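*Asks:* Sharing a structure with you now.
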Amino acid sequence: MNIISKSLLGATAIHGIFFMSTMTVGYIKTVNNKPDWEAAWANAENLSNEVAFGSASSPFLYAGSFLATVLACGIVLRMHDKFTSNPSETRVS
């Protein structure tokens, strides 16, 4: 496998781990959430009328992050090949 395919595979693995860990943390927080309904009901006058769902990042940010990770993986693999190869060894690709 050449460096570009290894870089793409590495970036995909890194992003997959990132998204799966984010989902896992969110799931664990959701399962372990124990709301105190009595205290919330007693303080009903302080409830807001607006709902906030959070924000989402731009898909271009994820694409840029993926390409930057591919580049970083490529640089690491190139440096690894450069420093671990034996000069007298003939490489057949």
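*Asks:* Given a Förster distance of 41 Å, report the FRET efficiency between LEU61 and TRP41 from their Cβ-Cβ distance, rounded to the nearest 0.05.
*Replies:* Once rounded, the FRET efficiency stands at 0.55.
*Asks:* Let me ask you something else. What angle, in degrees between 0 and 90 and rounded to the nearest 10, separates the Cα long axis of helix 3-31 from the longest principal axis of the Cα atoms of the chain?
*Replies:* Roughly 20 degrees between the two axes.
*Asks:* For P(r) over Cα pairs in 5 Å bins from 0, in percent, which listed value, (1) 2, 10, 11, 14, 12, 10, 8, 7, 7, 5, 4, 3, 2, 1, 1, 0; (2) 2, 14, 26, 25, 17, 10, 4, 1, 0; (3) 3, 15, 29, 27, 18, 6, 1, comes from the coordinates shown?
*Replies:* (1)
*Asks:* Distance in nm between label sites at PHE19 and ASP81, each 7 Å beyond Cα in the beta-carbon direction?
*Replies:* So the label points at PHE19 and ASP81 sit 2.8 nm apart.
*Asks:* Would you list, by chain and number, the lysines whose Cα falls below 28 Å from the Cα of LYS6, excluding same-chain residues fewer than 8 positions away?
*Replies:* Answer for LYS6, where 28 Å is the Cα cut-off: LYS82, listed by chain and number.
*Asks:* With an 8 Å Cα cut-off and a minimum separation of 6 or more residues, compute the relative contact order for the chain in percent.
*Replies:* 69 percent
*Asks:* Follow-up. To the nearest 500 deg cm²/dmol, what mean residue ellipticity at 222 nm is calculated for the chain from DSSP H runs of n ≥ 4 alone, each contributing -39,500 (n - 2.57), summed and divided by the residues?
*Replies:* That calculation yields -22500 deg cm²/dmol at 222 nm.
*Asks:* How far, in degrees from 0 to 90, does helix 59-84 lean away from the longest principal axis of the Cα atoms of the chain, to the nearest 10?
*Replies:* 30 degrees
Bear in mind that the values in this text are calculations on the coordinates, not laboratory data. Computed from a predicted structure; not experimentally measured. Backbone-built Cβ (ideal geometry, glycine too); neighbour counts: all protein chains shown.
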